[in-house]
Amino acid sequence: MYEQLSNFITQRVAVSDEQLQLILSYFKPLTCKKNELIGSAGEMAKRMYFVNKGCLKVYFIKEQGIEVIRRFAFENYFSTSLVSFINGDPLKEYTQAIEATELLYISRNDFYYLLDKLPVWEKFYRNYLEQAYVNNTLRLQSFITLDATERYKLLLKESPHIVQRLPNRLVANYLNISQEALSRLKSKI
């Protein structure tokens with residue numbers, strides 16, 4: 001169960017076996033049922049999750065009760081609500097398993113303990129934060145500069161697994177278009 005996480009870490013930073021075992025010792029397994037919430041608005045983000053199997057959906061609820069998907073986390077992705085995790089502020093979003101999902105998680109306290117104890121974990125975290133920043137900026141940029149067709153083509157190019165694995169209603173929501181518009185795009189492309 002820890003092999004994927006071990007590989008994920010060692011592909012990003014040079015870490016000794018002893019350091020890696022210490023890091024892994026702070027992660028605990030968690031199995032989620034389909035549609036199970038693991039983070040809700042108003043709570044604090046107290047865990048960082050690594051997806052071994054399955055998929056998480058991170059989303060907001062607009063005032064009108066409309067769900068807006070911010071991100072998906074599939075196998076070999078980390079997921080947390082970074083603003084809450086870093087600042088300790090209450091969550092403004094929800095995290096839900098959209099399939100039966102197997103996770104490894106580390107508590108916020110243990111995560112920050114490792115940052116103080118292991119410079120290699122700080123380097124790993126910096127890598128994670130940089131990638132999260134790039135991903136968030138590119139996603140925002142796509143909404144500002146691309147039309148629906150261009151966003152769909154970009155999704156097919158960069159993350160085809162989202163289109164292949166998830167129902168149209170989730171893909172359409174992620175692209176901020178209607179299911180009908182997505183169906184038209186799929187038939188054209």
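A short reminder: the numbers here are calculations on the coordinates, not readings from a lab. All values derive from a computational prediction rather than experimental measurement. Neighbour counts run over all protein chains shown; Cβ positions are idealised from the backbone, glycine included.
Cα axis of helix 179-188 to longest principal axis of the chain: angle in degrees, 0 to 90, nearest 10? With both axes taken from Cα atoms, the answer is about 80 degrees. Greater than 31 Å separation of Cα atoms is the criterion. Which listed pairs, K28/K153; K34/K92; K34/K186; K46/K123; K57/K188, meet it? The answer is K28/K153.
Dipole magnitude of the stretch 3-114 about its Cα centre, charges +1 at Lys/Arg Cβ and -1 at Asp/Glu Cβ only, in debye to the nearest 20? Don't skip to the answer; put the middle values down first.
Working: 13 positive and 13 negative charges, 49 e Å.
Roughly 240 debye for the stretch 3-114.
Please tell me the relative contact order of the stretch 3-114 in percent, rounded to the nearest whole number, where contacts are Cα pairs under 8 Å and at least six residues apart. In percent, rounded to a whole number, it is 39. When each of M44, M1 is scored by the number of other beta-carbon atoms lying within 10 Å, the sequence from fewest to most is M1, M44. Between A148 and N168, full extension at 0.36 nm per residue minus the direct alpha carbon distance yields a gain of 5.8 nm. Residues of the stretch 81-113 with amide nitrogen under 17 Å from the 7 Å Cα-to-Cβ point of E122? Answer for this model: 110-113.
Cβ-to-Cβ counts within 10 Å put E130, E99 in ascending order as E130, E99, the fewest first.
Mean sequence separation of contacting Cα pairs (under 8 Å, at least six apart), scaled by the length of the stretch 64-189, corresponds to a relative contact order of 24 percent.
How charged is the neighbourhood of G39? Take every other residue with its Cβ under 14 Å from the Cβ of G39, and add Lys/Arg as +1 and Asp/Glu as -1. It would help to have the intermediate numbers written out before the result.
Values: positive: K46, R47, K57, R70, R71, K92, R108; negative: E36, E43, D89, E93.
The answer is +3.
A straight Cα-to-Cα reach below 14 Å connects K117 with the aspartates and glutamates E18, residues fewer than 8 places away in its own chain not being considered.
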